[in-house]
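Data block below; observations after.
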Amino acid sequence: MSLTSVNRRPSVLDVVIDAAQRRVGRKRRPAARQFWDSTIGKKIVMAVTGAALLGFVFAHMVGNLKTFFGANDLNAYAHWLRTIGEPVLHYEWFLWIMRAGLVVAVVLHITATVQLVRRDHRARPVRYAHRRPVKATFAVHTMRWGGATLAVFIVWHILDLTVGQVNQDFVAGDPYHNLVADFRVWWVNVIYLVALAMLGLHIDHGFASAARTLGITSVTRERALKVVGRATAIVTTAGFAVVPIAVMTGLVR
Ligand code: HEM
């Protein structure tokens, strides 16, 4: 929609931009499109979707701890997840709404990342003569490769514990049995523990860069947020990891 058609007095800048765009025969892009096309817009999308995904992951980790209360508790919890919102919502509707939200968040998060990386390469096709500090390079690599590993892990994980395709002994509606069957196998534990380490690094670095994107510029606040980010990463990773470790050591059977 052209700005001149909006029911308000256009500013001088609007008129100049409109005239320039008409001259090159292009329509003014809608605000959402301009936001998405800007570098800061993509970074904000990454930060907000990252925060939403972290919220899901943290809640998932807390829910998994029900494993320590036995099969009945964990399975009842998994059943309750399917009945949230009843009777207003039907069985599993909440779960499907959440799944749709997660898919949208993951797609936006990955698309914004890939486009920013491409933009970064286009802007600087030849590397700087003097390299970035080792710490920054490590962070960039773990974010990109760790993120890609996590994306593959999530697909495998759904095939494992939701669909049951790659599970060692899947029984529908019995997540306790399914995860115990899983974590009795050493290489399944390796897959999970590697993915969890990647998740921890991703949260740690992601938290700090999201804070910067969202405008936390004070040094004290940035330091405090780094501590919060690291604590969140450690608690989330450890909270997930205790489940396979408990099965491996025979604490959960
Ligand atoms: C030791 C670690 C983990 C365990 C034991 C575990 C356990 C489970 C179980 C039992 C389910 C099936 C739940 C059900 O059918 O009610 C599930 C689903 C799922 N998990 Fe995990 N999980 C772990 C780590 C993760 C991580 C790190 C992520 C994300 C980064 C994740 C994302 C998901 C997703 C997206 C689903 C599918 C939810 C759905 O659509 O039903 N999980 N997990």
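Since every read-out is calculated from the coordinates, none of them should be taken as a lab result. Just so we're clear, the structure is a prediction, and the values are computed from it rather than from any experiment. Ideal geometry is used to build each Cβ from the backbone, glycine not excepted, and the neighbour counts take in all protein chains shown.
One line per residue, one yes/no per condition, for (1) within 16 Å of the ligand (Cβ to nearest atom); (2) in a helix (DSSP H, G or I):
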residue	(1), (2)
177	yes, yes
181	yes, yes
201	yes, yes
217	no, no
230	no, yes
244	yes, yes
Kindly establish whether residue 158 is among the aliphatic types (A, V, I, L, M), part of a helix (DSSP H, G or I) and without any contact (Cβ under 8 Å) to a residue 12 or more places away in the chain. yes
Against the definition (touching a helix residue (DSSP H, G or I) at 6+ places or on another chain (Cβ under 9 Å), away from the ligand (no atom under 16 Å from the Cβ) and either over 25 Å from residue 41 (Cα atoms) or among the hydrophobic types (A, V, I, L, M, F, W, C) (or both)), how does residue 211 come out, yes or no? yes
